[in-house]
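Visitor: I'd like to ask you about the structure that follows.
A short reminder: the numbers here are calculations on the coordinates, not readings from a lab. Model, not experiment: these values are computed from the prediction. Here the Cβ positions follow ideal geometry from the backbone for every residue, glycine too, while neighbour counts run over all protein chains shown.
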Amino acid sequence: MNVIQILAIVGMLGPIIYTLMWIIGGKLQSDYSHIRDDISSLFAVGAPNQQLMRGMILVQSVLLFLFFSSLPVGLKDEGSLIGPYLLIIGSIFGVTIPLLFPLDENGEIITWRGKMHLIMVIVVGILTIAGMIALWLRLQNVAGWELFAWFSLISAIVAIVLLIISSVFIQSNYRGLLERLGVTPFQLFYFVLPLMVFLNN
């Protein structure tokens, strides 16, 4: 097993830890609803298990950064580096969210820190979607990567549609459910991409 494959495994662990974070967090917080409450509320200021949840989301973000940093080499072909670098930059912003910009108490967006949380989440989402599209353009004609290229494009389209739906109903009692649906194409992408890198190295 080479370094690229090890970093690919590290990358696959990222979305697993993220999913475990909100499942465990919901179990530990008796008044939390996966249907009503957003994921970021689990590590908001004053949340009952803030440090544990914050630690898990930070680990997930760092693991993704480490994996994305290997992409310029791990993809092996000589295509454009725009996609990998968009994902690397997005993951750097992702690390700042649990470190510097948790939501305000009760998951509110009141202070500059809470507003920066929302801005950073949007920035990471845009960079990741752009990275998905860039990888589709790069890999659609590369042997062994054609199916993934289309998966990447479809993930970007589904992510855009679900994010629009989530933003429309952000104040509804189904915000938590819609957010979980919205992050699903991102988390699947975060798992499938390192899996493909592992298999192709």
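Visitor: Among residues belonging to segment 85-107 that are assigned to a loop (DSSP other than H, G, I, E, B) and in contact (Cβ under 8 Å) with a residue 40 or more places away in the chain, point out the one that is surrounded by the fewest Cβ atoms within 10 Å (Cβ to Cβ).
Guide: That would be D104.
Visitor: I'd like to check something: does segment 28-36 contain any residue that is crowded, with 20+ Cβ neighbours inside 10 Å and outside any loop (DSSP other than H, G, I, E, B)?
Guide: Within segment 28-36, none of the residues are crowded, with 20+ Cβ neighbours inside 10 Å and outside any loop (DSSP other than H, G, I, E, B).
Visitor: Pairs only if they're at least six apart or on different chains, beta carbon under 7 angstrom, first in segment 1-22 and farther than 24 Å from P98 by Cβ, second in a helix (DSSP H, G or I); list them, first residue then second.
Guide: Listed pairs, sorted by first residue: I4/S70; I4/V73; I4/G74; I4/V197; Q5/F198.
Visitor: While we're on this one: Just to check your reading of the model, which residue among G176, G182, G144 is more than 25 Å from L20 (Cα to Cα) and either in contact (Cβ under 8 Å) with a residue 24 or more places away in the chain or in a helix (DSSP H, G or I) (or both)?
Guide: Step by step, each of G176, G182, G144 is checked, and only G144 is more than 25 Å from L20 (Cα to Cα) and either in contact (Cβ under 8 Å) with a residue 24 or more places away in the chain or in a helix (DSSP H, G or I) (or both).
Visitor: If only one of D31, D38 is without any contact (Cβ under 8 Å) to a residue 60 or more places away in the chain and acidic (D, E), which one is it?
Guide: Numbers: D38 fails: without any contact (Cβ under 8 Å) to a residue 60 or more places away in the chain.
Going through D31, D38 in turn, just one is without any contact (Cβ under 8 Å) to a residue 60 or more places away in the chain and acidic (D, E): D31.
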